[in-house]
Structure formats: C-alpha cells, structure tokens
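Asker: What follows is a single structure, and I will ask about it in a moment.
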Amino acid sequence: VPQSYVRQQHCGRQNSGQHHSSLPPPTVTPLHISTPSASSIDSGEADITSGATGGDISQQQQHQHQTQDVVATSAASESMEINSISSTGTKDEKKKGSKINKVQHAQNEITSADKAVLWTTVAGIVAAFAAVTQISGPGAWKYYVAGGICAAFSHGITTPIDVVKTRLQVDPALRGKGMVKATMKIVKNDGIQSLLAGLGPTTWGYLFEGAVKFGIYEVLKPAVRQILVWLATATSIASLNNKVLGFLICGGVSGVAASLMLCPMEALRIRLVSEPDFDRGEGWVHGFLRMVKYEGVGGLWKGINAMMLKQVPYTVTKNVSFDFITTALYLAVKGWNMTIDANMKLLIPLVSAFAASVLSTVTSQPGDMLLSAVNAHEGDQTVWDFSRDIREKEGLKGYFRGMRARFLHVGLIVTAQLLIYDIVKRLVGIAATGST
C-alpha cells in the first residue's frame, strides 16, 4: 500500500473529530500491486514489507539482475583463475616428474665408466689366470685345458637343475616343494626360458674355475710332496711324509684359487636366477654391468667367504677322493689279473666319479646354502649374519635345504666332469687318473 495513502488516512483520522463536518471523505484510487517472483523472494532481493510500488519493484528487479550479473562475472573470473592455477600446478608437477624421470634414467643408464670397471675386472682375472699358468711349468697347460673344458661343459648342461636348486634355497614361495613341483611352478610363473637363467656366467665362470682348480691341484702335487718329505726329515716327524696329507693340501690351495676365480660370475649367476628380471631382458653382460654400477666391484666378491666354505671342502673331497678311489680300483683290477682295456678305462673313472660326487655334495652343502643366501640379496649382511639367521629359524637342517636337488645336480656335474677330465687328459697325452 502506498505510504502516501497511509499518511492521508492517518491524518484524516486525527482531524476527523475536529473537522468531520467540513472535510469530505478522501477519494481513493485503487492501485495495481505487482507480486514479486519466487526467485526474488528466495534471493532476499524483494522487500514485501517496504510497500514499494510497481516502479520500485522494477528498479529492484533490475538491480537484482545487475547484482546477479556481477556475481556471475565474479564467479566466472574466479573459476578462470582457479583453472589457471590448476593448469600451472599441473604443468609444474609434469615438469618436476619429467626431471625426476630424467634423473632416474641417468642413474639407471650404464655409463662408459661402468663398462671400464667391468672390463678392467675381467682383464685382471684373465691376467691372474695367465700368470698362474705361466709359472706352472712346461706341459702344465694340459691340466688347465682339461680342467676348463670338463668344468664348463658339466656345469653348462646342468644349468636347469642348478636354477631349480638355487630357487629352492632362496625363494620362500618354493620352500618345502619337491624338485618336480618346484620346476613346474618356475616354468608356469617365469616361462621355460627361466630354466636357462645364468647360463652365460655359469659357462664362462666355470671355464676359468675348472682350469685353475684342476691345474693348480695337479701342478702342486710333486712340489708339495717334496716339501712334506723335507719337513718330515728336518723335524723327525715321520707322519708328515704322507701322501694323503699332500693331496689334502693341494686340494685346499686349489679350492681357494678356484673360489677367487669363480666368485664374480657365481654372484651374477645367483642374482640372475633369484631375480629373473635383473638383466631387464638385455642379457647377462648387462646384468653384470648393473651389478657393478649399483654394488661396485666389491659386490662381486661379497660372497667370497661363503664361496670358500663351499669350494674348499668341495674341491678337496672331489679331487682327493677321485684320486684315491681310481687308484684303489686300478690296483684291484691288476690284482685280479684283469685286462685294463678301453671299457675298463671308462668304467673305473665312471664309478670313482659317482662316489666322489656323493661325498663332495655332502661336505659342500652348508657352504653352498650360505653362498646362495648371500648373493641372492642386496645389502651389507655378511655370511655370518645369514648363518645366524638360518640357525635361529631352522636349526642345522636349514643348511641342508635343497639337498635333494643338489644330489641330482652335483651328482651329474661331478660324474660328468671327472669322466670328461680323465678322457681329455688322455687325449692330450697325460695318463689316466690313478693308473700310475
């Protein structure tokens, strides 16, 4: 209702008592009042209590639209600003992520310095091998050739068994499984090609290891024999003049030398077997480079103590037992007045090699278990740390985990190795083991 009409009514009521007879009643002209829309009510823009006229309401509605336009424009501006900030943040994150990826790629990339370290290490091993053969005397190369060929071949052809044996020792998912079930699970999860993991380092590593092990063992025999005879005479201790003691010393020295030659390649082999993706599908040489890059040259020899615990008893037992068993069998055949023909020269080393394989498997099992544990994991844990963990969790039986697989693996390796060694020796003009 217009305020003018209200004032007129109020004034008329006040004066009605005094001038009621003289003033005519006011004439009221009806007005059409517009009702505000629901949107105006909701927004609080319309003020019904104000009694505004239609013109006032139109002005208020116009003001309302202007306000809404300002609000909408402000909201759009804020939205654009937020989008701009978000876009800028995303670009910054992308740039940061790109830089991180580049840094990681640079860190993972094999550099020329890494390759130089690798080839320097390889050159050092070859130079050491050449020095050993050079001081061994004329004709000694035959033992090195025979030893290298038999070790590389015997270990190479048994690589699938070696893979399963190593996985049984280091993979918790295969613990408690038999040889057949473990093989099936490995093939199912990693493919049949995984059974040849580490073939490269196995072949090359045992080529040098076998050459040094058999070569040094054979070359030292006469020298150690002379030293023991001299010591027995000088000290009046007759027990020092002992052939068995001389063979044990030769086996121990050759086992140490073989450990130093084999350790880098064996570390790589175990890593490739325990981590199938370690070489990223680029071959074992790339895996070797990665190992040198992230763990240094020292990482290749971190398992040297475990290697010694395996190789020394393994070499002593295998070489010495093969020597004495073949000698005993040849003496027995001669005592029975039997002819030592080609078949007999094959049968005697075959039986002797099988017996030596059983003995060497048992004596070297704890060291082999520790060697697999040390080289399967990165970090600074020593062989004694792993040994303590095995004793605390599993007791003494923990050292003989994977023993059945090793009987098959080492049984085939040693039998084939010693048989081939004896054959190659004869081919290069050396008498068969134990026949003289």
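The values are calculated or read from the model by the stated rules, or taken from the named source; none is laboratory data. Just so we're clear, the structure is a prediction, and the values are computed from it rather than from any experiment. Cβ placement follows ideal geometry from the backbone for every residue including glycine, while neighbour counts extend to all protein chains displayed. The area values use the complete protein model at the heavy-atom level, side chains included, leaving out ligands, DNA and RNA. Shrake-Rupley method; radii C 1.70, N 1.55, O 1.52, S 1.80 Å.
Asker: Of the numbered conditions (1) among the hydrophobic types (A, V, I, L, M, F, W, C); (2) modelled with pLDDT of 90 or more; (3) open to solvent by less than 60 Å² (accessible area, probe 1.4 Å), PHE278 satisfies every one except a single condition; which is it?
Answerer: So PHE278 meets the others, but not (2).
Asker: For the condition within 32 Å of the chain's Cα centre (by Cα) and at pLDDT 90 or above, what is the one hit in VAL256, VAL273?
Answerer: Selected residue: VAL256, the only one of VAL256, VAL273 that is within 32 Å of the chain's Cα centre (by Cα) and at pLDDT 90 or above.
Asker: PRO172 passes all but one of (1) free of Cβ contacts under 8 Å to residues at least 24 places away in the same chain; (2) open to solvent by less than 50 Å² (accessible area, probe 1.4 Å); which number fails?
Answerer: Failed condition: (2).
Asker: What residue, among those in the stretch 336-376 that are outside any helix (DSSP H, G or I) and in contact with a Lys or Arg (Cβ under 9 Å, 6 or more places away or on another chain), is nearest to VAL292 (Cα to Cα)?
Answerer: So, considering only residues that are outside any helix (DSSP H, G or I) and in contact with a Lys or Arg (Cβ under 9 Å, 6 or more places away or on another chain), the one nearest to VAL292 (Cα to Cα) is ALA376.
Asker: List every residue pair whose Cβ atoms sit under 8 Å apart, with the two residues 6 or more apart in sequence or on different chains, where the first one lies in the stretch 118-144 and is more than 28 Å from VAL285 (Cβ to Cβ) and the second, anywhere, is open to solvent by 60 Å² or more (accessible area, probe 1.4 Å).
Answerer: Pairs found: LYS142/GLY429.
Asker: Could I ask something else about it? Name, by its number, the condition in (1) open to solvent by 50 Å² or more (accessible area, probe 1.4 Å); (2) modelled with pLDDT of 90 or more; (3) among the hydroxyl-bearing types (Ser, Thr, Tyr) that does not hold for THR120.
Answerer: (2)
Asker: Only residues that are touching a Leu at 6+ places or on another chain (Cβ under 7 Å) and closer than 30 Å to TYR421 by Cα: list them for the stretch 154-178, please.
Answerer: Answer for the stretch 154-178, where residues must be touching a Leu at 6+ places or on another chain (Cβ under 7 Å) and closer than 30 Å to TYR421 by Cα: GLY156, THR158, THR159, PRO160, ILE161, VAL163, ARG167, LEU168.
Asker: Kindly provide the set of residues from the stretch 405-436 that are farther than 30 Å from SER372 by Cα, among the β-branched types (Val, Ile, Thr), open to solvent by less than 40 Å² (accessible area, probe 1.4 Å) and not in a loop (DSSP other than H, G, I, E, B), ordered by number.
Answerer: VAL424
Asker: If you scan the stretch 144-164, which residues turn out to be closer than 20 Å to LEU427 by Cα and buried (at least 24 other Cβ atoms within 10 Å of the Cβ)?
Answerer: Listed by number, the residues that qualify are ALA146, GLY147, CYS150, ALA151.
Asker: Continuing with this model, one more query. All but one of (1) in contact (Cβ under 8 Å) with a residue 60 or more places away in the chain; (2) crowded, with 17+ Cβ neighbours inside 10 Å; (3) more than 27 Å from LYS397 (Cβ to Cβ); (4) of a type outside the set (A, V, I, L, M) hold for ARG167, so report the exception by its number.
Answerer: Every condition holds for ARG167 apart from (3).
Asker: What's the total number of residues in the stretch 178-198 that are surrounded by 19 or more Cβ atoms within 10 Å (Cβ to Cβ) and under 30 Å from LYS425 (Cβ atoms)?
Answerer: So the count comes out to 1.
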